Amino acid sequence: MKKHLIRIGLIVAFNCFLLFACSSSNSEDTVVNQTPTNLVVTPVIVGATAQTPNGDGSGTVNFTISATNATSYKIVLGNGETKEVTNGNFTYTYTASGTNTYALYVSAYNSGKFVSTTVSLSIFVDSKLLWSDEFNTDGAPDPSKWNFQTWDPGYVNNELQSYTTRPENTIVQRGLLKIKAIREKYGKGDFTSGRIESNGKFDFTYGKIVIRAKVPTGVGTWPAVWMLGSNIGSVGWPKCGEIDILESVGKNLNQNHSSLHSEGRSGATPDTGIIKVPNSNTEFHIYTADWTASFIKFYVDDILYYTFINSDKFPFNKNFYLIINLAMGGVWGGPVDPNFTSSTLEVDYIRVYN
């Protein structure tokens with residue numbers, strides 16, 4: 001009799017264990033499979049007061065996000081960036097200078113099920129200098145900031161010059177970077193010049209690029225201060241993207257072009273703006289690109305002359321690096337004036353702000 005009672009007790013205990021286990025499993029499944037509810041997004045802009053409602057200029061926002069049954073969150077931050085987090089408490093810093101309004105799209109997830117909401121934020125970011133070269137040290141360009149590029153004529157765009165590292169072609173003197181194109185027999189060509197880039201030493205995403213420069217004189221010259229996507233080594237051109245800030249040709253004196261090249265919109269790109277720049281070869285002018293996730297605006301001497309509408313379908317939402325060069329001839333520079341002997345692109349400074 002005692003053995004039967006023990007056996008019955010064991011069976012009852014085992015059945016109770018199974019019932020508890022099944023109940024626990026079903027309860028967990030119910031939580032996992034439930035659609036999140038009660039999504040609440042609370043952004044606190046650092047330094048926001050009644051007098052400074054958009055913050056203290058740091059651009060920093062402390063987010064608190066919560067939802068019933070949520071296991072993770074996704075936040076589209078309105079500036080081209082997205083964060084995915086499991087903890088709804090995090091801090092993010094916006095970097096585009098000025099006062100900008102961002103439309104955020106926030107979702108709470110649970111096993112593929114989700115609930116979403118939108119939030120609008122206006123953030124003030126004080127302008128800060130991220131990088132610059134004032135060209136105040138005589139000699140070669142600062143090797144911590146610039147690389148020389150050297151190649152033979154015809155390497156790109158059917159250009160005629162040999163790029164060299166010689167001081168005759170590229171030198172910093174009396175507060176100016178001078179890139180000089182010279183008609184001379186050198187290597188495989190009849191012209192020499194210089195080209196430097198910041199690739200591997202400085203690149204950035206978004207910002208205001210300010211250049212003070214004076215362009216060379218002479219039909220056949222083709223000066224430029226511009227940028228390429230830092231992933232050019234892996235994806236090639238034009239998929240990497242190109243942003244031309246200062247670009248002109250001697251045959252069209254006193255005219256500046258600002259253009260963007262991307263896949264399917266390269267070569268004779270439709271994304272370009274042109275402005276007259278009086279005395280561009282005898283006086284210094286200020287060339288500016290204001291680059292954000294929403295637009296890229298181009299100015300000369302603070303006059304806005306072209307706005308490109310940026311979006312995530314273009315490659316202009318990642319790191320780019322700077323290039324300064326003076327080409328001769330080529331597909332756009334055209335035939336060189338037979339009387340041309342030499343001319344110089346002079347750059348007073350390049351400054352990059354957030």
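Taking the highest mean first, how do the peptides 41-54, 240-253, 257-270 order by number of other beta carbon atoms within 10 angstrom per residue?
The packing order, highest mean first, is 240-253, 257-270, 41-54.
Using the heavy atoms of the protein chains alone and a 1.4 angstrom probe, what is the accessible area of the chain per residue in square angstrom?
49 Å²
Using +1 on the beta carbon of Lys and Arg, -1 on that of Asp and Glu, and nothing else charged, what's the dipole of the chain about the Cα centre, debye to 20?
The calculation lands at about 1140 debye.
Set Lys and Arg Cβ to +1 and Asp and Glu Cβ to -1, take the dipole of the chain about its Cα centre, and tell me which of V219, T288, S58 lies farthest positive.
S58
Please compare each pair in K128/K180; K145/K297; K201/K251; K180/K313; K113/K239 to a cut-off of 30 Å on the Cα-Cα distance and tell me which ones are over it.
In this structure, K128/K180; K201/K251; K180/K313; K113/K239 exceed 30 Å between Cα atoms.
Quick one: putting +1 on the C-beta of Lys and Arg, -1 on the C-beta of Asp and Glu, what dipole do you get for the range 217-343 around its Cα centre, in Debye to the nearest 20?
Dipole of the range 217-343, to the nearest 20 debye: 260 debye.
I'd like to know which of P36, N317, G273 lies farthest towards the positive end of the charge dipole of the chain, counting +1 on Cβ of Lys and Arg and -1 on Cβ of Asp and Glu.
Toward the positive end, the furthest listed residue is P36.
May I ask which residue of I182, A67, L304 lies farthest towards the positive end of the charge dipole of the chain, with charges of +1 (Lys, Arg) and -1 (Asp, Glu) on Cβ and the Cα centre as origin?
A67
Only helical DSSP H runs with n ≥ 4 go in: add -39500 (n - 2.57) per run for the chain, normalise by residue count and round the 222 nm mean residue ellipticity to 500 deg cm²/dmol.
-3500 deg cm²/dmol
So how far apart, in nm, are the two label points at A268 and T307 if each is 7 Å from Cα heading toward Cβ?
Computed distance between label sites A268 and T307 equals 2.8 nm.
For the range 237-293 and the range 97-161, what is the separation of their C-alpha centers, rounded to whole Å?
Answer, in whole Å: 17.
Can you compute the FRET efficiency between Y92 and S127 using 1/(1 + (r/R0)^6), with r the Cβ-Cβ distance and R0 = 22 Å? Round to the nearest 0.05.
0.70
Summing +1 for each Lys or Arg and -1 for each Asp or Glu, what net charge is found among the other residues whose Cβ lies under 12 Å from the Cβ of Y73?
For residues surrounding Y73, the net value is +1.
The values are calculated or read from the model by the stated rules, or taken from the named source; none is laboratory data. Computed from a prediction, not measured in an experiment: that's the story for all the values here. Positions of Cβ are generated from backbone atoms using ideal geometry, with glycine treated the same way; all protein chains shown enter the neighbour counts. Remember, those area values only see protein heavy atoms, side chains included, never the ligands or the DNA or RNA. Shrake-Rupley method; radii C 1.70, N 1.55, O 1.52, S 1.80 Å.
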